[in-house]
Amino acid sequence: MSLGSAPLTAVQLLWVNMIMDTLGALALATEPPTDDLMKRAPVGRKGDFINNVMWRNILGQALYQFVVIWFLQAVGKWVFFLRGPNAEVVLNTLIFNTFVFCQVILLKQSSSQNLLASSDHHVPIISTNFRETH
């Protein structure tokens, strides 16, 4: 367990925010229009903007990220054999990189278009499923 030190600094959180905002805006701006989108009925004022499947995915991803980061914070030094005066810095760097990687995977899964693919060949860099992503 942590004894009061934060695993991510304010600057690291700002970097994550900048990465996610930029990639999220690109995902929205580059998604091609589809005919199915125009055929859907509009959502009323009292309609659910986030449906049950979305809630399940949001809560599942949040729980997954919490468990992974908590695990690294709790026993990361032991698992990765981190010793010496720089062990805490190396562990915090590992936690930060894991958090950023989780956010990029989340963004990839949330988008209907694979932004991390080559535009010429549509070969995904990160693939979490076995079907074609476009």
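See the values below:
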item	result
Among the residues listed as 106, 91, the single one being more than 27 Å from residue 26 (Cα to Cα) and of a type outside the set (D, E, K, R)	91
Residues of region 29-54 that turn out to be surrounded by 10 or more Cβ atoms within 10 Å (Cβ to Cβ) and under 19 Å from residue 105 (Cβ atoms), as a count	3
Any hit, region 72-83, residues being assigned to a helix (DSSP H, G or I), under 15 Å from the mean Cα position of the chain (by Cα) and surrounded by 14 or more Cβ atoms within 10 Å (Cβ to Cβ)	no
Evaluation of residue 102 against (1) on the phi < 0 side of the Ramachandran plot; (2) modelled with pLDDT under 90; (3) surrounded by fewer than 14 Cβ atoms within 10 Å (Cβ to Cβ) (one fails), failing number	(3)
Unique match (being aromatic (Phe, Trp, Tyr), within 24 Å of residue 8 (Cβ to Cβ) and at pLDDT 90 or above) among 71, 96	71
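The values are calculated or read from the model by the stated rules, or taken from the named source; none is laboratory data. Note that the structure is a prediction, hence the values are computed from the model and not measured. Every residue, glycine among them, receives a Cβ derived from its backbone with ideal geometry; neighbour counts consider all protein chains shown.
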